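Here is the structure we will look at, set down as structure tokens.
The values are calculated or read from the model by the stated rules, or taken from the named source; none is laboratory data. These figures come from a predicted structure and were not determined experimentally. Note that we place each Cβ from the backbone using ideal geometry, even for glycine, and neighbour counts take in every protein chain shown. Quick note on the areas: whole protein, heavy atoms, side chains included, nothing else; ligands and nucleic acids left out. Shrake-Rupley method; radii C 1.70, N 1.55, O 1.52, S 1.80 Å.
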Amino acid sequence: MPSFDIVSEVDLHEVNNAVDQTNREVGTRFDFKGTDAGAGLSNDNLTLHAENEFQVRQVLDILHKKMAKRGIDIASLKEGPVQTSGNRASMAITIRQGIDQDTARLLVKQIKATKIRVQASIQGDQVRVTGKKRDDLQSIISELRESSCDLPLQFVNFRD
């Protein structure tokens, strides 16, 4: 029976490369000379730091450009507020991986609302869609691409 999985994954190796490129560009830019501005990555968390909020926002803009160039969807980043203390400012960013239960239920509800004869089941942090016809599965993929979801979705493991 044909099936595919709906996932939301981010390649952490590419994120690490984007952070390294961001730090290199910040190190060579004239407006960051003499400052200790940059970005750091640990597990699924990014930390941007600079001397003030304006510079943190500039580092964030550079990071967004580098991630877009490497094919990472910026919607997978959950940005926190800029925190300032003394002459330091920082921002914590969480990389969202996987589909949470509420979003998975919303996806299943959207799939059922299309009235196409397929079954959707939540399996951990992904949603599996099975159906009798390959065309039905492809129409579900196109419907979900058109819908607005706050997470970037990938459609993997398509089996005939």
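Suppose every Lys and Arg Cβ carries +1 and every Asp and Glu Cβ carries -1, with no other charges. What dipole size does segment 1-59 come out with about its Cα centre, to the nearest 20 debye? List each step's numbers first, then the result.
Numbers: 4 positive and 11 negative charges, 59 e Å.
Its charge dipole is roughly 280 debye.
What label, among (1) 118; (2) 158; (3) 107, belongs to volume of the Cα convex hull per residue in Å³ computed from the structure on display?
(1)
I need to check one value: relative contact order of the chain, counting alpha carbon pairs closer than 8 Å and at least 6 residues apart, in percent.
Relative contact order, the chain: 34 percent.
For Ser121 and Glu25, calculate 0.36 nm times their separation in residues minus their Cα-Cα distance, and state this gained length in nm to one decimal. Walk me through the numbers before you get to the answer.
Values: separation 96, 0.36 × 96 = 34.56 nm, distance 4.42 nm.
Stretched fully, the Ser121-Glu25 segment lengthens by 30.1 nm.
Report the extension gain between Leu12 and Ser142 in nm, rounded to one decimal, defined as 0.36 nm multiplied by the number of residues separating them, less their alpha carbon distance.
Additional length available on full extension: 44.1 nm.
Once you sort the root eigenvalues of the Cα gyration tensor of segment 43-104 as a ≥ b ≥ c, which label holds: rounded (a/c under 1.5), prolate (a/b larger than b/c) or oblate (the other case)? Mind showing how you got there, number by number?
Numbers: a/c = 3.07, a/b = 1.60, b/c = 1.92.
Oblate is the answer for segment 43-104, as a/c is 1.5 or above yet b/c matches or exceeds a/b.
Just name one of Ala39, Gln119, Ser76: the one whose Cα is farthest towards the positive end of the charge dipole of the chain (beta-carbon charges, Lys/Arg +1, Asp/Glu -1).
Working it through, the farthest residue towards the positive pole turns out to be Gln119.
Leaving out ligands and nucleic acids, note down the accessible area per residue over segment 1-96 with a 1.4 angstrom probe, in whole Å².
53 Å²
Give Lys65/Lys112; Lys112/Lys133; Lys109/Lys133; Lys112/Lys132; Lys69/Lys133; Lys33/Lys66 a once-over and call out the pairs whose C-alpha atoms are over 26 Å from each other.
Lys65/Lys112; Lys69/Lys133
What is the magnitude of the charge dipole of segment 104-160 about its Cα centre, with +1 placed on the Cβ of each Lys and Arg, -1 on the Cβ of each Asp and Glu, and no other charges, expressed in debye to the nearest 20?
It works out to roughly 300 debye.
Ignoring ligands, DNA and RNA, please state the percent of accessible area on the chain from carbon and sulfur, probe 1.4 Å.
The nonpolar share, carbon plus sulfur, comes to 46 percent.
Once the other residues with Cβ under 13 Å from the Cβ of Met67 are scored (Lys, Arg +1; Asp, Glu -1), what is the net sum?
Taking every other residue near Met67 into account, the sum is -3.
Run the dipole for the chain about the Cα centre, Lys and Arg Cβ at +1, Asp and Glu Cβ at -1, nothing else charged, and hand back the magnitude in debye, nearest 20.
Numbers: 22 positive and 23 negative charges, 112 e Å.
Approximately 540 debye in magnitude.
Counting only helical runs of four or more DSSP H residues, what would the 222 nm mean residue ellipticity of the chain come to if each run contributes -39,500 (n - 2.57) and the total is spread over all its residues?
It lands at -12500 deg cm²/dmol.
Tell me, in nm to one decimal, what length is gained between Asp36 and Gln101 on full extension, where the rule is 0.36 nm per residue of separation less the Cα-Cα distance?
19.4 nm
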